[in-house]
Amino acid sequence: MLDTKYNHLDVEKDKYENWKEKGYFKCGDTSKEPFTIILPPPNVTGKLHLGHAWDVSLQDIMARYKRMDGYDVLWLPGTDHAAIATESKVVKKLKSEGINKYDLGREKFLEACWDWTREYGGNIRKEWAHMGCSLDYSKERFTLDEYSVKAVNKVFIEMYKKGLIYKGKRIINWDPEAKTALSNEEVIYKDTKGAFYHIKYFIEGTNDYLDVATTRPETLFGDTAVAVNPKDDRYKDLIGKNVIVPIVDRVVPIIGDIHADIDKGTGVVKITPAHDPNDFEVGNRHNLERIVIMDETAHMNEETGKYNGLDRFECRDKLLKELEEKDLLIGIEEITHSVGYSERTDVMVEPYLSEQWFVKMEGLAKDLINMQQDKDNKVNFYPKRYEKTIIQKAEECYDWCISRQLWWGIRIPIWYKNDEIKASVESPGEGWVQDKDVLDTWFSSALWPFSTLGWAMEDKSLFERYYPTNFMSTGYDILFFWVYRMMFQGEQFTGKNPFKDCYMHGLIRAKDGRKMSKSLGNGVEPIEMVEKYGADALRFYLTTSSAPGLDLRFDEEKLSATWNFINKIWNASRFTLMNIEDIKEINLDNLSFSDKWILTKYNDTVKIVRKNMDKYEFQNVGTELYNFIWSDFCDFYIEASKFDIDNEGTKSTLLYVLTGILKMLHPFMPFVTEEIYQMLPVKSAESIMISNYPKYEKKLVFSDTLELMNSIRDFITKARISKKDNNIKKDCKYTFRCSTDQKIENLICDMLKLTKENIAYQEEIDTFESISVDYDNHIFNANLVFYFEVSSEDKAKEQESLLKQKEVLESQIARREKLLSNQGYVNNAPKELVEEERTKLDNEKKELELINLKLKD
RNA sequence: GGAUUCUUAGCUCAGUUGGUUAGAGCAUCUGCCUUACAAGCAGGAGGUCGUAGGUUCGAGUCCCACAGAGUCCACCA
């Protein structure tokens, strides 16, 4: 027997291990249709945060739902080596031990990374287990395992040969702390306080100068021109003349270029082709020299004379001082402007000229756009609007910088010998040297949906069976990092989109709407919440509390309310189990009105739940189940069943409906549903995980009963209000007439807790005041009269309440009459709706008559 | 500059082909320890659905404008 209270700690203990041992998580039943989900691989040394908990819950819901519904489900787990993130952690750790990465050397450093990975890699698996994720661990992958590395090499070489990957000298975003190039996506722009420094650039051979404004004065060492707009009347005559770059005293030309904006700043721009992407373009147009003035750590190099060796910001300070001393600084104008920071290290990104590998995006992006036009092969986004976002991204289409000057990652399969270049995994022979760089983590992630399934392996059976995948779920924050890239790589190498449906969820925010972050200290640990309320509550709360694509404000009170809901389910189960111990089989032949009613309601619920599950509208599923279970099943049906509990049909109904409830809840709350399922006296499977998902059963739908019982329920509610409003005591007397059926009369008496002692005798009645509750429609009518002693105060109260009722009724009748006299409504609205309105109007009129009668007394 | 989301009860949010009197949790008020559950039960109060127009027989829902809040992309000498 169940305890009186739900204890999530007991319930969630050991179940996961048991499921895993039984092999329920494994795919492979080829008699069934496959259903595939690939888990977005978290950073191998990372920690599960609430966003992950949300993400894995969504996927587990789909995995469990489809598994129960007869599919061969593969939910494939894996982790990502997370190049920069992991490498920077290992560097930091070594540093604390007084070890420098470069002194240690590449091989030993990689060993340290592997050690780190092994040490922390298990954590994430424990967290999946806490959350109840039904992952097939026999297929677990890592972005540095054979599956991934082979695919990455194959893809790289093929793209290189097709000219889709090229090496180029360009301005890229440089992270001076991690000492690597970054892609545009890895740069985060933040509003930063800075200044326009106005500097004098003297025109050669004159005492006149140009006022050049810059936010990065230290780059003047790399200036090789000054540009003005050719249409700018102020300066156009100067084009062709030269200016002298201050401090370095270099003579550089004044050029005319549209890049110089007449309205911006002073209209004069210094051109530093090696340190600014726009200037780089200008430099190309005018054949300007590119002078690199910094090293890879953003310290000034030998080009800067006495500033050589200084950090960029230190150099800026000292340079400004010197400019001031030499009267070359016109002024400083403080501004707030947007500056790029590295996503991982949070240092200011430096635009930096270097040689890097790029993916040529034009053709790939076009293919992606075309694929989305194809109804049968497109990715369906949930919510839909993300498709537009993806398309826009594809239309912008700038090349993707994929080389990283790191060691932890997949090394670029390119070999050099003198001037020769070869693409190959193995060394082409003696004297060949491999490219030192590794690939962007996201390059391997982009292949993840097919690399994990053995696309590059000899045995392609998994790929053939489970690709393309069915469901992808992820936060919108990695739409461009990942979803976009998976799409074009999938299309390019498999000819198909890697997933059919892509569900985007939002971010988890703190209760005040701010982002959860370490610096604000407002983060919530999912594991703490699991300990406090259970994984079941956390999963249900996270997945049913917001609409797709929207952020979720984490509210512990709501999580606690979810716990209460589970406690309610627990107790409803407890009641059911207490009353059906002796049942041997479910027999739904001999059913009462309320049995038929709950079965009908239940089947409606099954239908709506399935519909919404298939559309990933989990918040609707949540609302539907919550209302059905709490309001219909617990508050009404269980109460009604108490008076009929010895009936075989009622016992069967209780068990049948409870079983269905547990099954529909199972994807959301796997642990508690399994706990209760195991105690059911009649069940079809050894675990709820592998039982069948409920189906709509037409033969268990009794529409007439639905209508009847809804009316009865209405009547009971009304009678209850009357009882209370008029302060009727338990010992009052009543007479009760119900025209339909003796059973219904009994049920109503029971539900209203009216007992034989309350029956009134005629002679008594005469001396008592009375109130009555009437209900009359075409399938059910009843009349309940309470007789009781009443004070003048009570009587006044009743009058007041009747007048109020009258007022409400009259306004409703007026509204409905207006509606029904509207020909447009009568002609256009659905017939049933109009008919319903008519019935209601009739009822309301009858009710009003009764009230008027009572008011006359 | 472009795109996009949000604005519904005191608070946090649902409301998906337009159709009863707009729902829930928490908080609040009234009455109940009724033998599944007081972390509960039975009720009550609380909303002119951001503002102003339009389409429609009918708008929280569709369209337009405006206001406020947020996010993404581009630009940022």
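The values are calculated or read from the model by the stated rules, or taken from the named source; none is laboratory data. Every value quoted in this text rests on a predicted model; they were computed, and no experiment measured them. Reconstructed Cβ throughout: ideal geometry from the backbone, glycine too, with neighbour counts over all protein chains shown. The protein model used for the area step is the full one, side chains on, heavy atoms only, and it has no ligands, DNA or RNA in it. Shrake-Rupley method; radii C 1.70, N 1.55, O 1.52, S 1.80 Å.
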**Request:** Looking only at segment A:357-392, count how many residues are surrounded by 13 or more Cβ atoms within 10 Å (Cβ to Cβ) and acidic (Asp, Glu).
**Result:** 2
**Asked** Quick check: is even one residue across segment A:742-765 more than 23 Å from residue A:595 (Cβ to Cβ) and modelled with pLDDT of 75 or more?
**Response** no
**Message:** I'd like to check something: does segment A:151-173 contain any residue that is open to solvent by 70 Å² or more (accessible area, probe 1.4 Å), in contact with a strand residue (DSSP E or B) (Cβ under 8 Å, 6 or more places away or on another chain) and within 16 Å of RNA strand B (Cβ to nearest atom)?
**Reply:** yes
**Request:** Select from segment A:471-501 the residues that are of a type outside the set (Lys, Arg) and either on the phi > 0 side of the Ramachandran plot or out of contact with any helix residue (DSSP H, G or I) (no Cβ under 8 Å at 6 or more places or on another chain) (or both) and write down the one among them that is least open to solvent (accessible area, probe 1.4 Å).
**Result:** A:501
**Message:** Pairs needed: first member in segment A:381-401, touching a residue at least 40 places away in the same chain (Cβ under 8 Å); second member anywhere, part of a helix (DSSP H, G or I) and among the polar types (S, T, N, Q); C-beta distance under 7 Å; at least 6 residues apart or different chains.
**Reply:** A:398/A:184
**Asked** Looking only at strands (runs of 3 or more DSSP E) that fall completely inside segment A:367-459, which ones have 2 or more residues that are in contact with a strand residue (DSSP E or B) (Cβ under 6 Å, 6 or more places away or on another chain) and within 25 Å of residue A:101 (Cβ to Cβ)?
**Response** A:414-417
**Prompt:** Across segment A:205-224, what is the total count of residues that are away from RNA strand B (no atom under 12 Å from the Cβ) and either surrounded by 22 or more Cβ atoms within 10 Å (Cβ to Cβ) or among the aromatic types (Phe, Trp, Tyr) (or both)?
**Reply:** 4
**Fill in**
segment A:1-82: helices (runs of 4 or more DSSP H) wholly inside it with 2 or more residues that are of a type in the set (Val, Ile, Thr), at pLDDT 95 or above and surrounded by 20 or more Cβ atoms within 10 Å (Cβ to Cβ) are A:50-68
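Right, residue A:541: more than 8 Å from RNA strand B (Cβ to nearest atom), closer than 20 Å to residue A:669 by Cβ and open to solvent by less than 10 Å² (accessible area, probe 1.4 Å) or not? So that I can check it myself, show each step before the final result.
Values: more than 8 Å from RNA strand B (Cβ to nearest atom): yes; closer than 20 Å to residue A:669 by Cβ: yes; open to solvent by less than 10 Å² (accessible area, probe 1.4 Å): yes.
Considered against the rule, which asks whether it is more than 8 Å from RNA strand B (Cβ to nearest atom), closer than 20 Å to residue A:669 by Cβ and open to solvent by less than 10 Å² (accessible area, probe 1.4 Å), residue A:541 comes out as yes.
Filtering segment A:228-253 down to residues that are among the aliphatic types (A, V, I, L, M) and touching a Gly at 6+ places or on another chain (Cβ under 7 Å), which residue is most open to solvent (accessible area, probe 1.4 Å)? Show your work before the answer.
Step one: list which residues in segment A:228-253 are among the aliphatic types (A, V, I, L, M), which gives A:228, A:238-239, A:243-245, A:247-248, A:251-252.
Adding the requirement that they be touching a Gly at 6+ places or on another chain (Cβ under 7 Å) leaves A:228, A:239.
Values: A:228: 0, A:239: 65 Å².
This residue is A:239.
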**Asked** Which one of these does residue A:617 not meet: (1) more than 7 Å from RNA strand B (Cβ to nearest atom); (2) touching a residue at least 60 places away in the same chain (Cβ under 8 Å); (3) over 14 Å from residue A:580 (Cβ atoms); (4) not basic (Lys, Arg)?
**Response** (1)
**Request:** For segment A:523-531, indicate whether the set of residues that are open to solvent by less than 30 Å² (accessible area, probe 1.4 Å), assigned to a strand (DSSP E or B) and either closer than 21 Å to residue A:58 by Cα or in contact (Cβ under 8 Å) with a residue 24 or more places away in the chain (or both) is non-empty.
**Result:** no
**Message:** Pull out all pairs, ordered by first then second residue, where Cβ-Cβ is under 9 Å, the residues are six or more apart or on different chains, the first lies in segment A:493-522 and is hydrophobic (A, V, I, L, M, F, W, C), and the second is in a loop (DSSP other than H, G, I, E, B) and away from RNA strand B (no atom under 15 Å from the Cβ).
**Reply:** A:493/A:455; A:499/A:379; A:499/A:468; A:502/A:379; A:508/A:49; A:510/A:523; A:516/A:49; A:516/A:523
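Among residues belonging to segment A:191-204 that are near RNA strand B (Cβ under 10 Å from one of its atoms) and over 20 Å from residue A:311 (Cβ atoms), point out the one that is most open to solvent (accessible area, probe 1.4 Å). Don't jump to the end; show me each part of the working.
At the first step, the residues of segment A:191-204 found to be near RNA strand B (Cβ under 10 Å from one of its atoms) are A:191-192, A:194-199.
Imposing the further condition that a residue be over 20 Å from residue A:311 (Cβ atoms) reduces the set to A:191, A:196, A:198-199.
Numbers: A:191: 125, A:196: 61, A:198: 26, A:199: 1 Å².
It comes out as A:191.
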**Message:** Against the definition (in contact (Cβ under 8 Å) with a residue 12 or more places away in the chain, farther than 20 Å from residue A:328 by Cβ, charged (D, E, K, R) and out of contact with any strand residue (DSSP E or B) (no Cβ under 8 Å at 6 or more places or on another chain)), how does residue A:232 come out, yes or no?
**Reply:** yes
**Long-range neighbours under 6 Å by Cβ, at least six apart or interchain, first residue more than 15 Å from residue A:660 (Cα to Cα) within segment A:566-580, second outside any helix (DSSP H, G or I)** = A:566/A:6; A:567/A:6; A:574/A:2; A:579/A:645
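Can you list the strands (runs of 3 or more DSSP E) lying wholly within segment A:239-309 that have 1 or more residues being over 49 Å from the mean Cα position of the chain (by Cα), within 14 Å of RNA strand B (Cβ to nearest atom) and of a type outside the set (Gly, Ala, Ser)? Please lay out each step first, then the result.
Details: elements: A:242-245, A:250-256, A:268-271.
Because the criterion is at least 1 residues that are over 49 Å from the mean Cα position of the chain (by Cα), within 14 Å of RNA strand B (Cβ to nearest atom) and of a type outside the set (Gly, Ala, Ser), the strands (runs of 3 or more DSSP E) in segment A:239-309 that meet it are A:242-245, A:250-256.
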**Fill in**
Given (1) within 9 Å of RNA strand B (Cβ to nearest atom); (2) on the phi < 0 side of the Ramachandran plot, residue A:593 misses just (1)
